[in-house]
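Novice: Shown below is the structure under consideration.
Here, each number is a calculation from the coordinates, and none is a lab measurement. Fair warning: this is a prediction, and the values are worked out from it, not measured in the lab.
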Amino acid sequence: MSNGLPTSQSLTLPAKTESLGEVTRFVREGGHEANLPETRLNELDLLVEEVFMNIARHAYPQGAPGVASVTYFVATPGELVVEFSDHGIEFNPLVADPPDLALDLDERQPGGLGIFLLEEFADSLSYRREEGWNHLTLRVSAKP
């Protein structure tokens, strides 16, 4: 008997760049369950790559093993919620300075474009640090 709450799916795997393909396929399944159109699925792929690669490259000190968990659920038809979690270094990407897109490429500080991408393609973003874990949640809808 259903309690009316959406059912979530979770995947936990090594926070390594080699895990990206599996994470992308997993989240794309959620996108299909939410009936997202192909254009939104492609944007979802970019979001997954940006978030997961940042976890794989920066969450844990060089050489230290770590894991990442990815959970998704269909909030309503046409709306997918995805949460990325890691117990690495505390980092809230939502407070990072935005890139100055008016500067030439060689004048810009490295970084920041990923956050810009997240804000462009996700309908909402939130971050929390809880019991030593970073949690970044994004919502993607089938907007026209």
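Novice: From the phi of every residue in region 44-53, what ³J(HN,Hα) in whole Hz does the Karplus formula 6.51 cos²θ - 1.76 cosθ + 1.60 yield, where θ is phi - 60° and glycine or proline is x?
Specialist: Once θ is set to phi - 60°, the couplings for region 44-53 become 4, 4, 5, 4, 4, 4, 4, 5, 5, 5 Hz.
Novice: Next up: Once amide H atoms are built 1.01 Å from N in the peptide plane, which residues 5 or more positions from A68, or in another chain, come under 5 Å H to H?
Specialist: When sequence neighbours closer than 5 places are left aside, the close amide H contacts are L13, A15.
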